[in-house]
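Student: Sending over a structure as structure tokens; questions will come in a sec.
The values are calculated or read from the model by the stated rules, or taken from the named source; none is laboratory data. This is a predicted model, so every value here is computed, not measured. Note that each Cβ is placed from the backbone with ideal geometry, even for glycine, and that neighbours are counted across all protein chains shown. Calculation scope for accessible area: heavy atoms of the full protein, side chains included, ligands and nucleic acids excluded. Shrake-Rupley method; radii C 1.70, N 1.55, O 1.52, S 1.80 Å.
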Amino acid sequence: MTLEADYAVRIVEYLTRNPGRWDAKTISEKMQIPLRFCLKILRGLVGAGMVCSFKGVKGGYSLARPAGEITLLEVIESVEGPYMLSRCQKEEYSCGREHCKLHSIYEKVTETVRGELGAYTFDVICGCEGEKG
């Protein structure tokens, strides 16, 4: 997992645990993320439909959907793209070896990891099942 994906997870976790609107500077400070990096990630999360952005003096950021509808997989993939164990799973890459048995192994492991990450929603991660936010 990249540092950017880790930060994205932290941001969604913060917004889940702290309902309401929060400015980027506060999120950045509380989650120990450099402000410029925090703003970049927030833009991506807004674009992916997980976070709402509000302009103006009383602006800020909040979750766009209930935490129970946002999965760990969705947050990670919003930053990193589709999760894959190895680059050889990409269509444009070829290891040059015919009948490589690693491809099927990597695919199986990838699907297992994706399934696990997709099973965790932020309401469960943050221990706030049944709460709104």
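Student: Is there a quick way to get the dipole size of the chain? I mean about its Cα centre, with the Cβ of Lys and Arg at +1 and of Asp and Glu at -1; what is the value in debye to the nearest 20? Show your work: numbers first, answer last.
Tutor: Working: 18 positive and 18 negative charges, 117 e Å.
Approximately 560 debye in magnitude.
Student: Considering lysine pairs in the chain that are 8 or more places apart or on different chains, how many have Cα atoms under 22 Å apart?
Tutor: For the chain, qualifying lysine pairs total 12.
Student: Any chance you could get the radius of gyration and Dmax over the Cα atoms of the chain, in Å?
Tutor: So, for the chain, Rg and Dmax equal 17.2, 60 Å respectively.
Student: Quick one: accessible area per residue over the chain, 1.4 Å probe, rounded to a whole number of Å²?
Tutor: Values: 8300 Å² over 133 residues.
On a per-residue basis, 62 Å².
Student: Remind me, relative contact order of the chain in percent, using alpha carbon pairs under 8 angstrom and six or more residues apart?
Tutor: Numbers: 161 pairs, mean separation 39.8, N = 133.
Computed over the chain, the figure is 30 percent.
Student: For the chain, the longest stretch holding no chymotrypsin sites (Phe, Trp or Tyr not before Pro) located in a DSSP loop with at most 15 other Cβ atoms within 10 Å is which? Intermediate values should be presented prior to the final figure.
Tutor: Working: sites that count: TYR93, TYR120.
Answer - 1-92.
Student: Any chance you could tell me what percent of the C-alpha pair distances in region 23-89 go past 20 Å?
Tutor: Values: 780 of 2211 pairs.
Tail fraction, whole percent: 35.
Student: Mind checking which of THR121, PRO34, LEU102 is farthest towards the positive end of the chain's charge dipole, using Cβ charges of +1 (Lys, Arg) and -1 (Asp, Glu) about the Cα centre?
Tutor: Checked the options; the winner is PRO34.
Student: State to the nearest 20 debye the size of the charge dipole of region 1-77 about its Cα centre, where the only charges are +1 on K and R beta carbons and -1 on D and E beta carbons. It would help to have the intermediate numbers written out before the result.
Tutor: Values: 11 positive and 8 negative charges, 88 e Å.
With Lys and Arg at +1 and Asp and Glu at -1, about 420 debye.
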